[in-house]
1. When only DSSP loop residues count, what trypsin sites (Lys or Arg not before Pro) in the stretch A:221-277 have their Cβ near at most 16 other Cβ atoms within 10 Å?
2. Among A:ALA45, B:LEU58, A:ASN334, flag the residue with its Cα farthest along the positive direction of the charge dipole of the protein assembly as shown, charges on Cβ as +1 for Lys/Arg and -1 for Asp/Glu.
3. Give me the dipole magnitude in Debye, nearest 20, for the stretch A:35-163 about the Cα centre, with unit charges on the beta carbon: positive for Lys and Arg, negative for Asp and Glu.
4. Quick one: net charge around B:LEU88, please, counting Lys, Arg +1 and Asp, Glu -1 for every other residue with C-beta under 12 Å from its C-beta.
5. Determine the dipole magnitude for the stretch B:1-120: charges of +1 sit on the beta-carbon of Lys and Arg, -1 on that of Asp and Glu, nothing else is charged, the reference point is the Cα centre, and the result goes in debye to the nearest 20.
6. Enumerate the calculated ³J(HN,Hα) couplings along the stretch B:51-57 in order (Karplus 6.51 cos²θ - 1.76 cosθ + 1.60, θ = phi - 60°), each rounded to whole Hz, writing x wherever the residue is Gly or Pro.
7. Once phi is turned into ³J(HN,Hα) by the Karplus curve 6.51 cos²θ - 1.76 cosθ + 1.60 with θ = phi - 60°, what whole-Hz value does each residue of the stretch A:39-51 show in order, with x for glycine and proline?
8. Per residue of the stretch A:152-163, what does 6.51 cos²θ - 1.76 cosθ + 1.60 with θ = phi - 60° give for ³J(HN,Hα)? Whole Hz please, x for Gly and Pro, Karplus curve as stated.
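Every number here is computed from the coordinates shown, using simple stated rules; none is lab data. Not measured: the values here are computed from a predicted model. Note that each Cβ is placed from the backbone with ideal geometry, even for glycine, and that neighbours are counted across all protein chains shown.
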Amino acid sequence: MTATADRKSSEGSQPVPAPVPPVTVVTSYGPWRTALGQLRRNRAAMASLVVFGVILLVCLLAPFYASTIAHTDPFASNVAGTTVIAGQTVPVLAPSTTGLGLGVTPIGPTWDPTHYFLGADGQGRDVMARLLYGGRNSLLIGFFAALLCCVLAGITGVLAGYFGGIVDGVLSRLLDVVWAFPVYLLAISLSVVLLTSGVRIGPIFIGAGSLWLPVLIIGIVYIPYVARPIRGQVLALKEKEFVAAAIGVGSSDLRIMRRDVVPNVAPTVVVFLPLMTALSMLTESALSFLSVGVQPPQASWGTIINDGLNLLYTRPAVTLAPGIAIALTAVALNLFGDGIREALDPRARLRGGP
Amino acid sequence: MARFALTRFGAAIFVLLSISVLVFLIFFANPGVDPAARIAGRNADQATLAQVQAEFGLDQPLPIRYALMMKHLFVDRDLTSFVNRGVLVIPQIVQAVPVTLSLVLGAAVIWMVAGVAMGTLAAAWRGRAADPVIVLVGVVGVSIPVYWLGEVVNLVTQSRLHDSVFSWVPPLGYVPLTQDPASWALHLLFPWLTLAVLYAGIYARVLRSEMMTALDEDYVRTARAKGVSERRILITHALRCSLIPIVSLFGLDFGALVGGSALLTEVVFGLPGVGRLTYTALQNLDLPVILGTVLYAAFFVVLSNAVVDLVYAALDPRVRHV
């Protein structure tokens, strides 16, 4: 700081005490705080965060929208219902006028948030309300699957990398097998078997049709994507002097892992979290589209796209809206994830998903 | 090279065995529900259950059950569907394979060519407007659900603009290459483009960053000092070295495509390939078909990955010495 600056700041009549001599030592912040500062300056990442925040908030307000604004039950079919458009009472599901006149055509978007903003689906349910409820499930599954994946992958990667030898041999082979198994095929196999019966893991029982089933399945199939890079990092860390020093002073394995290894791989895990959330959400939507993800009457963005499959040419909004929601969320998460990666770990390389 | 090939195929065989065991455990050794009931389909009668029980040896110990499953799948190939009574599964899969391969290989050619072209241009024009656009296309590529994009393409080409711009687009479906090559290509054009558009962006992005690194290398500086033209540096020097990681990425994605996105694309475009077979089986919970398609597709993916790794090793001798 220069004298001019000091004089400017001390405008007024009071004499100021002698200025502190300029400090040349810049206080250094921890790596997390430095990264946060860098992330804040990344405009694309911050904009993505805002977009994601808005989507999340709107989806969380789903029950409020359904009960207070649209006055509809998004999970009950409304085959015989009617609604009022421009003063006229019209059926929600009108008899089809095209082709053989069989089947029904649900009403299209009214662009009026109080009823059928995006129209109705084949069962006369409000698509907008279902979109919001579906978003809650898609985001929930995406986030928790990514969290589960990162935690399990972190543990696997650290154990395999740190202990080496037979532990590494077994864990790495397991990862290789899951890695080589195409993700969707593995997820389909697990889903088709578990969805009808549920699964018991120790004391926890996840019932058939539960949302935690896709979380579990998606979390597991992506473990190698995260565990392999972490294992590599731990292998490199083990060669570092500070680990040798810790061994030298007689620290236990647990302590070395906790104090020296985990804090160093934590940034990688954090980098993966938003990217894996996007990937998990996309996988969930694909599985739901194939009818082995979220089970009815629950909705997710994938199941709504599936609902709209038969209405594609007559009522495209049913299909278009959830797809746009998925794409927007995934782009926001990916750009935000790229921002975190640049801030924390510029060398990390990630592979794109399906 | 021979040693590398041997170890690589040894690893592939280990993985194949492990995957088959994993699938076996998922389908046949999951506690809780009787596997016979699941394989026989919904509301099966007692006779069918007994038949399944005998066919898969469900009262026998696990290793024998595993052997029986593998025998039905790969030796006798007499796995039958219980939902569509008596339909043999394996011939169905064999019949569907050319469709899936047509889809995937065509898309792969398009996305490799487009991705390499876009990536090279982005690297040549770094700092200009096209560069961030390509980066963004790459991000959007990993973010759009492919089956949804397929539906949007259908909406436009089959319905909304079908009477004007896209009147030449044939209805959804598949025509075998041997029957009518032109019609084959026309039917597959939009499925190819749908799959390729997303991957081209990712490849362009990866290639761009690889080429940026390569352009800062000493050999490029030397080439410049010799007076080699910029275009030649870009193509014969930087691009050639940057293509190596693209090959390995291609191996991974090709496999992921066969076992994933292609499955979804086939459903959307009504292509009677392995993916659609799996989809209809999932709708009816036709477990023998799912078992068959999953294992056959997984095996194909593992083997094609091994082949790509060999190509990679042939291109880059450093890989052989790991």
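1. Passing sites in the stretch A:221-277 are A:LYS240.
2. A:ALA45
3. Its charge dipole is roughly 540 debye.
4. It works out to a net charge of 0.
5. The dipole magnitude comes to about 360 debye.
6. 4, 4, 3, 6, 5, 9, x
7. Once rounded to whole Hz, the list reads 4, 4, 7, 7, 5, 4, 5, 5, 4, 4, 4, 5, 4.
8. 4, 5, x, 4, 4, x, 5, 4, 5, x, 6, 7
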